[in-house]
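Since every read-out is calculated from the coordinates, none of them should be taken as a lab result. Here the structure is a predicted model, which means the values were calculated and not measured. Every residue, glycine as well, gets a Cβ built from its backbone with ideal geometry; the counts of neighbours run over all protein chains shown.
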Amino acid sequence: MDDVADPAARLSNEERDILHDVGFDDPAARAATGVLADREMRIAEATDPGVEILPLAEALRTYEFVQDLMFGLVSPEANEHVAMVAEHMHDPLGHFVWVKPGAKVRLPVQTFTLLETPQGRQFTHDITLIDEGAEVEMIAGSAVPGSVHKGRHISIGETYMRAGSSCRSVSIEHWGTAMEVYSYGYSRMEQGARSQSTAIMMAPVGQHVSRSHSILEADTNAVSQAIIFSPEGTDRVIETETHLTGAGARSEDMARMVSAGGRIVNNALLVGDAADTNGFLGCDGLKLNDTGEILAVPSLQAIAEGAMLSHEASVGMIDSEKLDYLMASGIEEDAARNLIVQGFLSLDNEAIPAGLRARVVDMIARAKSGGM
Amino acid sequence: MLEIRNLTVAIGDNVILRDIDLHLPEGELHVLLGPNGSGKSSLLATIMGLPPFEVVSGEIIFAGTPIQSLDLTERAELGIGLAYQRPPSLDGVTVRSFAAALGAVAALETEAAALDLTGFLDRDMNVGFSGGEIKRWEVLKLVLQDPRLLLFDEPESGVDLEHVIAVGDAIRRVVGAPDRSGRTCSGLVITHTGLILSHVKADRAHIIKEGRLLHSGDPHELFGHIQTEGYTIPAA
């Protein structure tokens, strides 16, 4: 990293603009900021003493315990992509974020990954440790410049939420239109931890496979939602697996999917490993035209007696009565469709920071019109 | 303002309205009376251009323009608006975002207050609204849309007495007054109970029965006749 006092000055205007679309804000208004561009960690800086952010390589050298966190939630041999990332870890690339025990972090922590080289190959590993009793809000984004449409990105994320910690997070991705992206996320929530997460996958991408595996221990509560858009030429496969392993664990997982000609496969598995657990899976799909496909497969597996699990799933087209209703009010058909889609995706909900909502709405409009 | 000539309407092969003639001059408010299933709502939906109603013959002329070949949006842009009897719920689409899409945010707060809907602005449209709230919202929707021809499908049904006054006030305030472009507005209201007649100034009423326009006359006289004689043609 070069030693410029203003962290934002380490980014070009174009880079700031690109990152702005996926949630970037002035580092001075953030508790911590991390920006990884290609293979270079441009920014890793905290303004809040309760947060430490380091390039992963440096974190491994600085803190011995980071070695135990790395591949602590997933085997380096878990699959060919994880193995590929593991093999590149002779020179580890990624963020290490540590929210210190008891820290009540007022401003969000933001981390971003940029792939700027056309046909680039980027393999990253991020580790997040939210320590006992800590509270934090996190914004994560991934993006490419407009000139990059092909390339490959494989990422592993391991998130540790220690007992009594709390995290609200939003992630937004904006990859290239013909890129291959593989994201693997693993998390463990210890007793009493609370999490509210929103994943926004709106921009066109060639193929995106996203797999996540979460372990919820006793008295934890996780509410997650995914907002997924797939225009023509985009293929998304989202697989989630949530294990309720301790009494009192609660989870609510909602996926809202819109296909405008692309394919979305959503396989969600909720497992009640322990008694007195409660979980819900929801998958709602909306198709905007006759091409593309949405496949929603919510699965429940109750292992312990007293695991209360439920799911709801629906897939349909835009209701013509709703469209007519808006059009009869003087709203043009495209604008009426946009309103319905935005409503369906629940973009007004409070889990998305207000400053990001307008950007996401704009992203949908551009994706639908082929302008991205 | 609105001229309907010899209008016959069908859904598929099923004829719903036959040979309707109706003249609504600029600035006037007319009332449609008729039993359930007589075709009143179908007439409003046909004027608005809603599916599945198809004009088999005849003409609908609005402000000098034949509109039967125009689509919904074109009719709305010309200045026609409909307050639905049973509007669909729009999950996730708030009243405020709807107003923004219409470009009517500036008028929203004041008009909502007039209809006692101030607390509704961040609610999803028609989601969890009571019957009376839906009717008030539909009137507010029209006020925001600012059409020249306002079509109300039973605006007072399910509305408590206190709010019937607010609905009537809103209709009275808009119909006969200029729209934002300075053009005088007209209205066509369906009423079953007749309650709204006490709160608006209706110029003429029409009885529709079995898809035909039976008779037209003074709204209060006609409603009085219906209360004693049913939906029949009054003696001359």
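Listing for the model above:
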quantity: Gyration tensor (alpha-carbon) shape descriptor, chain A, a/c threshold 1.5; calculated: oblate
quantity: Kyte-Doolittle mean at least 1.6, axial Cα span of 18 Å or more - DSSP H helices of chain B; calculated: none
quantity: Pairwise label distance in nanometres, B:Glu221 with B:Asn6, each label 7 Å out on the Cα-Cβ vector; calculated: 2.9 nm
quantity: Ellipticity estimate at 222 nm from DSSP helix runs (n ≥ 4, -39,500 (n - 2.57)) divided over chain A, nearest 500; calculated: -5000 deg cm²/dmol
quantity: B:Asp71 versus B:Arg86: modelled label distance in nm, points set 7 Å from Cα along the beta carbon direction; calculated: 2.7 nm
quantity: Antiparallel bridge percentage (DSSP; both residues within the range B:2-229; nearest 5); calculated: 60 percent
quantity: Most mobile listed residue (A:Ser224, A:Ser251, A:Ser320) in chain A, GNM with C-alpha springs under 10 Å; calculated: A:Ser320
quantity: Label-point separation in nm, A:Asp38 to B:Asp21, each point 7 Å along Cα→Cβ; calculated: 8.1 nm
quantity: Most mobile of B:Glu111, B:Glu28, B:Glu162 in a GNM of chain B (Cα contacts under 10 Å); calculated: B:Glu162
quantity: Rounded FRET efficiency, nearest 0.05, which uses the C-beta distance separating A:Asp91 from B:Ile61 and R0 of 56 Å; calculated: 0.15
quantity: Proximal lysines relative to A:Lys287, as straight alpha-carbon distance under 19 Å, when same-chain residues fewer than 8 apart are discounted; calculated: A:Lys322, A:Lys368
quantity: Most mobile of B:Gly131, B:Gly211, B:Gly182 in a GNM of chain B (Cα contacts under 10 Å); calculated: B:Gly182
quantity: Over chain B: helical MRE at 222 nm, DSSP H runs n ≥ 4 each giving -39500 (n - 2.57), nearest 500; calculated: -9500 deg cm²/dmol
quantity: Alpha carbon centroid spacing (whole Å) that separates the range A:49-113 from the range A:20-37; calculated: 18 Å
quantity: Amide hydrogen neighbours beyond the local backbone of A:Arg168, cut-off 5 Å, H modeled; calculated: A:Val136, A:Glu137, A:Met138, A:Gln196
quantity: Whole-Hz ³J(HN,Hα) from phi, Karplus 6.51 cos²θ - 1.76 cosθ + 1.60, for the range A:283-298, glycine and proline x; calculated: 9, 10, x, 10, 9, 8, 7, 7, 9, x, 7, 10, 10, 10, 10, x
quantity: Sorted by Cβ density within 10 Å, fewest first, the residues B:Arg136, A:Arg188; calculated: A:Arg188, B:Arg136
quantity: Difference of contour (0.36 nm per residue) and Cα-Cα distance, A:Ala9 to A:Met317; calculated: 106.3 nm
quantity: Order of A:Thr47, A:Thr33 under a 10 Å beta carbon neighbour criterion, fewest first; calculated: A:Thr47, A:Thr33
quantity: Residue order, fewest to most surrounding Cβ atoms within 10 angstrom, among B:Arg86, B:Arg212, A:Arg30; calculated: B:Arg86, B:Arg212, A:Arg30
